[in-house]
Amino acid sequence: MSAPAEKFSNLTQWILPIGILVVWQVLSSIGFIPGRVLPAPTDVILAGWKVLLNGELAKNIWVSFWRALVGFAIGGGIGFALGLANGLSRRSERFLDSTLQMIRNVPHLALIPLVILWFGIDETAKIFLVALGVFFPIYINTQHGIRTVDAQLVEMGQTYGMTRGALFWRVYLPGALPSIFVGLRYALGIMWLTLIVAETIAASSGIGYMAMQAREFLLVDIVVLSILIYALLGKLADSTARLLERLCLGWHPAFQKR
Amino acid sequence: MTVHALKRFDNVTELAPQALVPADTSRGLSITAQGLEKSFGDNRVLRGLDFHVPAGQFVAIVGRSGCGKSTLLRLLLNLDQASGGQFWFGERNDAKPDKSAVRVMFQEPRLLPWASVLSNVEVGLGDKRGTPEGRALALDALRNVGLETRRDDWPAVLSGGQKQRVALARALVSNPRVLAFDEPLGALDALTRISMQKLLGQVWVDQGFTAIMVTHDVAEAVTLADRVLIIEEGEIAMDLSVDLPRPRERGSVEVAQLEGRILRELFRNSKAGEDA
């Protein structure tokens, strides 16, 4: 693909969101959408500018981002480790998997009342919920990835004298990577979802809290701003994951430049 | 003789009339099997095989599908354990050959898709992997199959024949003493197949390893091998030496006659056309 064409295809993805913004602005300006229901994009930007100046926005974004990151690291780390263990060892799988599947079938957001009783509304509660939500997609996809590594390649590694360590690093892990990335992207979605709900219900800081506070005072522009920030953060996380995917899966036919 | 002496793949089709049999077979290891048996449950796949393959010989094992020929190869490669009997490489039955002495080429290339062509060849180096010496050997092996310009490519962009050539380079890079082939050309198109056969014949001549090839293509067996073992229902039904002069032309009268004889043997014990 030539350079200008590539630049154009990168821009393509922005046509729709920007178009929606323009239509929204026009409909608000001519008074078709009342400001009480949905403030115009310019009003949202003004509101954003205000909270940005008084430092509230940065603080809340940072708090939410930090919760998401810590929860993701804990839940994702444990999920990845158990996924590897249960993918590689039948014994470990027999011992753990059915228990984990039972827990998986409880919607983790249903635990909010219990989590508030246990941890109150401080950081632990949110991080716990995020970790729990993120755990399962990472766990299941890691295990599935390891399990579905081409058995013929494993056999090849064995006949060529690879040690167990070499087999893991050079056959199992790279073979499982495409599936692990699917889990990663799915987990990132769950991460924001969990955080939004948790912060909306029980928090004293963060973007969800900011939105709930604004609702109390009927500040629709701040509520809309919060929602947009969530969308941007979610997009940012997904783009990061896709970038990593492209870097790590360059060998995969699906990621090769045509 | 080292891999350096190999003719480049591009030239192989011209088949320079140099050595047609290995000049030096001392690199090869002999293979001996005594009463080799393998059962899966009640199914006796191999029923006591006895054979001896002298060092440096090219032996083809043919048989109908399900006759146990692939099982035999898996036993030799330690991918399965024998249910009875024993086999060994070399003259003594208590000596284990060096780990990289026995190499295999499968029907599928089995290249690591996430490793470059060169890294895939380096898989065959064993302990020498990651050393400058190993790198040089891998590049040599790649040059000898005519793919040195593709060293940094992913396997996914290669054609089927090119992938098999990388797999061959991987098998040869450690200078094996026994090379086992499990229908290595079965998945290739007819033309690629013929040039690959020439390449296989040439590396065998140049390196003098013992070659043991499982195939269901009788013409391929007759073209390449010194000797053909026919396995039927887990037993050796026929042990035929192929003393035709080399190079052998696919489709020549002698090759066709021998091929016909083997095919008759394969069909003798079955109702005609049962699954052919």
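Could you list the residues of the range B:193-233 with an amide nitrogen less than 16 Å from a label point located 7 Å from the Cα of B:Q257 in the Cα-to-C-beta direction?
What the label zone holds, given the 16 Å backbone N cut-off, is B:222-223.
How far is it, in nm, from the label point at A:S89 to the one at A:T200 when both lie 7 Å from their Cα along the line to the Cβ?
In this crude label model, A:S89 to A:T200 measures out at 4.1 nm.
Can you give the three extents of the C-alpha atoms in chain B along their principal axes, from longest to shortest, in whole Å?
Sorted from largest, the Cα extents of chain B read 53, 43, 36 Å.
Under a no-solvent Debye model with one identical scatterer per Cα of the range A:1-134, what's log10 I(q)/I(0) at q = 0.10, 0.13, 0.22 Å⁻¹?
-0.69, -0.92, -1.17
Over the Cα atoms of the protein assembly as shown, Rg to Rh with Kirkwood Rh, two decimal places?
1.15
In whole angstrom, how far apart do the alpha carbon centroids of the range A:6-68 and the range B:202-259 sit?
The range A:6-68 and the range B:202-259 have Cα centres separated by 75 Å.
Is there a quick way to get the dipole size of the range B:80-156? I mean about its Cα centre, with the Cβ of Lys and Arg at +1 and of Asp and Glu at -1; what is the value in debye to the nearest 20?
The calculated dipole for the range B:80-156 is roughly 60 debye.
Assuming R0 = 22 Å, can you tell me the calculated FRET efficiency for the pair A:R36 and A:E56, based on Cβ-Cβ distance, to the nearest 0.05?
FRET efficiency, A:R36 to A:E56: 0.45.
At a threshold of 8 angstrom on Cα-Cα distance, excluding pairs fewer than six apart, so keeping six or more, what relative contact order does chain B reach in percent?
Relative contact order for chain B comes out at 28 percent.
Tell me the angle of helix A:220-248 to the major Cα principal axis of chain A, expressed in degrees between 0 and 90 and rounded to the nearest ten.
20 degrees
Enter the per residue convex hull volume of the range A:47-255, computed from alpha-carbon coordinates, in Å³ rounded to the nearest integer.
Enclosed volume per residue, from the Cα hull, is 134 Å³.
Any chance you could look up the accessible area of B:R261 with a 1.4 Å probe, heavy atoms only, rounded to 10 Å²?
Around 110 Å² of this residue is reachable by solvent.
Provide the net charge surrounding B:T71, with neighbours chosen by a C-beta distance below 9 Å and charges set as Lys +1, Arg +1, Asp -1, Glu -1.
Summing Lys/Arg as +1 and Asp/Glu as -1 gives +2.
Could you work out the local net charge near B:L158, counting Lys and Arg as +1, Asp and Glu as -1, over the other residues with Cβ closer than 9 Å to its Cβ?
Result for the neighbourhood of B:L158: +2.
Just checking the output field for A:145-153: average partner chain Cβ neighbours within 10 Å of each residue's Cβ?
Counting other chains' Cβ atoms within 10 Å and averaging over A:145-153 gives 2.
So, with +1 on the Cβ of K and R and -1 on the Cβ of D and E, and no other charges, what is the size of the charge dipole of the range A:47-255 about its Cα centre, to the nearest 20 debye?
It comes to approximately 380 debye.
Return one number: the angle in degrees, 0 to 90 and rounded to the nearest 10, between the long axis of the Cα atoms of helix B:160-172 and the longest principal axis of the Cα atoms of chain B.
So the inclination is approximately 90 degrees.
Calculate log10 I(q)/I(0) of the range A:133-258 for q = 0.10, 0.15, 0.21 Å⁻¹, where I(q) comes from the Debye formula with a single equal point scatterer on each Cα and nothing for solvent.
Values returned for q = 0.10, 0.15, 0.21 Å⁻¹ are -0.49, -0.79, -1.14.
The values are calculated or read from the model by the stated rules, or taken from the named source; none is laboratory data. Keep in mind the model is a prediction, meaning the values are calculated, not measured. Here Cβ is always computed from backbone atoms with ideal geometry, including for glycine, and neighbour counts include all displayed protein chains. Accessible surface is based on the protein model in full, side chains and every heavy atom, while ligands, DNA and RNA are left aside. Shrake-Rupley method; radii C 1.70, N 1.55, O 1.52, S 1.80 Å.
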